1. With respect to Ile163, determine if the residue is in contact with a helix residue (DSSP H, G or I) (Cβ under 9 Å, 6 or more places away or on another chain), over 25 Å from Gly365 (Cα atoms) and open to solvent by less than 20 Å² (accessible area, probe 1.4 Å).
2. Would you point out the residue of the stretch 106-118, among those that are part of a strand (DSSP E or B) and farther than 21 Å from Thr55 by Cβ, that is least open to solvent (accessible area, probe 1.4 Å)?
3. Identify all residues within the stretch 258-279 that are open to solvent by 10 Å² or more (accessible area, probe 1.4 Å), in contact (Cβ under 8 Å) with a residue 24 or more places away in the chain and either of a type in the set (Lys, Arg) or assigned to a strand (DSSP E or B) (or both); write none if there are none.
4. Only one of these conditions is not met by Gln321: (1) without any contact (Cβ under 8 Å) to a residue 40 or more places away in the chain; (2) farther than 16 Å from Tyr212 by Cβ; (3) of a type outside the set (D, E, K, R); (4) touching a strand residue (DSSP E or B) at 6+ places or on another chain (Cβ under 7 Å). Which number is it?
5. Sort through Thr55, Thr41, Thr7 and tell me the only one that's within 17 Å of the chain's Cα centre (by Cα) and under 14 Å from Arg153 (Cα atoms).
6. Taking the stretch 182-232 on its own, how many of its residues are of a type in the set (Val, Ile, Thr), under 16 Å from Val253 (Cβ atoms) and touching a Leu at 6+ places or on another chain (Cβ under 6 Å)?
7. With (1) buried (at least 23 other Cβ atoms within 10 Å of the Cβ); (2) without any contact (Cβ under 8 Å) to a residue 24 or more places away in the chain; (3) within 21 Å of the chain's Cα centre (by Cα) as the list, and Thr158 as the residue in question, which single condition is left unmet?
8. When you scan the stretch 1-105 for helices (runs of 4 or more DSSP H) that lie fully inside it, which ones turn up with 1 or more residues that are more than 20 Å from Gly224 (Cα to Cα) and without any contact (Cβ under 8 Å) to a residue 40 or more places away in the chain?
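The values are calculated or read from the model by the stated rules, or taken from the named source; none is laboratory data. Given the structure is predicted, the values throughout are model-derived calculations rather than measurements. Note that each Cβ is placed from the backbone with ideal geometry, even for glycine, and that neighbours are counted across all protein chains shown. Keep in mind that these areas ignore ligands, DNA and RNA; they rest on the heavy atoms of the full protein, side chains included. Shrake-Rupley method; radii C 1.70, N 1.55, O 1.52, S 1.80 Å.
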Amino acid sequence: MSRAAFTLDDLLLAAADEHADRIAIVDGENRHSYRQLLAATDALATAMIDAGVRTGDRVGIYQQKSWECIVAMLAASQAGAAFVNLNPALKAAQIEYIARDCDLRLLVADTDKLDELDPELLPATFHKGPAPLRAGSIDLATILAGGGRGERRRLIETDLGTILYTSGSTGMPKGVAFSQRNLVVGAEIVTSYLENTPDDRILSVLPFSFDYGLNQLMCSILVGATLVVQRSQLPGDLIRSLRQHEITGVAGVPPVWSLLLRMSKSLEAEPLPALRYVTNSGGRIPQPHLDSLRRLLPGTKIFLMYGLTEAFRSTYLPPDQLDRGSECIGRPVPNTEILVIRDGRACAPGEVGELVHRGPTVALGYWGNQEATDRVYRPNPTA
């Protein structure tokens, strides 16, 4: 990317300028170029502004993974707002809690999801699908078929980009706030060691409400690659998409690899020569599964990564060091300092301590919860 990017809108404008006719998104039988992605984003951003979305507002997205929800994220940013991806597996009570917690100005939702919610909860809604029970909701297909005005709200890198709600072991979800720059630099860091290019075709398996899944989209736009939307996680469907689209990169969590390994006989009979890399995060992959993947994908680089939502990605184990085993979390990701601290000092080799992350991917804090933020976000203990 030749121009500097500080916000998601910068990313999209650069991609549409440099890769206008390249395929940006594949969703089922539909293929959309970067030129079309920019046009659809402009149309939806215009509709959001006309519906009353203001700079700094929050826009909720409550949909199954799709072309439309990708457009909604980028449109919210163009309109000066932050997007909030709502896991479609959440129940209505959880969604209503989140809507109140971050004061959603507008909700973009699949009709069946919208019909489950309190009609008095939201000031404005856009729907995908048949007309919902709620009066006044605007059809998303009609919006995207129209044009936009090219209006872009002024944003800077420290402005709120998104809030990701994580489901804790108890209680309601907790929102982690990310700046525009958090999202952009996360893509810059990951693409630097994965060596992504416009020729990559990335399979989007994980939900966009998960920071690791969201990063696949940001990485694709940053380099002008193609993102293939994958809704089904049935083993046969996963292997079919990998082959049909000649996928070069895929990110997963340990359960995804468990599913893929059910197709081991198919992989032995018909390898995946296009698959350049796979990445794992969201938990340690069992060593037997790692051994099986290495055997079944001999030409594929495997990156083991470690991170947490509040700091996105902390470390990665390069493929040439996999013999160290799946318990090894590797080295700090680029542009990041990782410390292991005990009693205010750096630990000696082999000494147990607390991992401390310092870098540009550290999120802004917990939305509306300064007490929780102060417990986790602390001054540099070695400064």
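1. No; evaluated as a whole, the condition is false for this residue.
2. So, considering only residues that are part of a strand (DSSP E or B) and farther than 21 Å from Thr55 by Cβ, the one least open to solvent (accessible area, probe 1.4 Å) is Ala109.
3. The answer is Arg262, Arg276.
4. (4)
5. Thr7
6. 1
7. Result: Thr158 passes all but (1).
8. 34-50, 67-78, 92-101
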